[in-house]
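Taking it in order: structure first as structure tokens, then the write-up.
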Amino acid sequence: MEIKDIFLIFLASAALLASASILFRLLIKTYYEKSTEAYQNKLVKNQIEEVNNVYMTMRGWSHDYHNHMQSLKAYLAMDDISEARAYLDKLETDLDDINLLFDTGNIGVDAILNSKISLAIHNGIPVDYKATVPKETTVTDIDLCVVIGNLIDNAVESCEKVPREQQFIRLYIGQFKEQLYISVSNATNETVRKLDEEYITHKRGNHGHGLKRINLIVEKYDGFINRKNEAGVFVTEIMLPL
């Protein structure tokens, strides 16, 4: 066999090996992304169901407000103060740990926001918030809650890394023309000059996974995302079609 033939075989083998390596990496990446997506979707779905139960309990209590007042008036009319107090104590117990902060118009978003923002406030993080969402959007409830949930989780994670007196989260969700505008600002101790794939890749753990999931969903709906990092502040802005 001539040297030329050996060289050609070597090149073909090298090219085949390189192609196999690229294909293998693509398969691993696809599997990783799909596994992460399926896992997070399952977590978010379970969380939405759990928080919806709390949300609907609060809604139900509000709906029964008239009946509660009638019962209390009946006890008071009979001068049965002890039963009136017992009834109020039972209502107070039913409302323990239920903090309904949001009524955006979208029950799925209400559920995730009430859950995560209530927890952030409970942990001592100051939160300024305002949110309105149409009942129906082109974005599925699961995708919308994944985006919002990851944004808040990342904001809370960043706040936990700075002194308590510097912590803050600002959340705004609203409709702008035919777009849903989402903005989350939070305290951070990072100073990142270039917010690109390299930044996301180096954010290991849940934070990195969350950033990738947000990007994938925004791309899925041909939306827009902008991340800004200034001294002590990290801002994410997202536009999604309605």
Handout entry: Charge tally in the Cβ shell below 13 Å around Pro126, where Lys, Arg are +1 and Asp, Glu are -1, Pro126 excluded
Key = 0
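What pairs from Lys135/Lys220; Lys177/Lys220; Lys135/Lys212; Lys116/Lys220 go past 23 Å between their alpha carbons?
Beyond 23 Å between Cα atoms: Lys135/Lys212; Lys116/Lys220.
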Completion exercise
Whole-Hz Karplus couplings 3J(HN,Hα) for region 229-238, θ = phi - 60° and coefficients 6.51, -1.76, 1.60, Gly and Pro as x, run 10, 10, 4, x, 9, 10, 10, 10, 10, 9
Exercise for the section: Arrange the peptides 159-169, 112-122 so that the one whose residues have, on average, the most other Cβ atoms within 10 Å appears first. Expected result: 112-122, 159-169
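Each reported figure results from applying straightforward, stated rules to the coordinates on display, with no laboratory input. Here the structure is a predicted model, which means the values were calculated and not measured. Cβ coordinates were reconstructed from backbone atoms using ideal geometry, including for glycine residues, and neighbour counts include every protein chain displayed.
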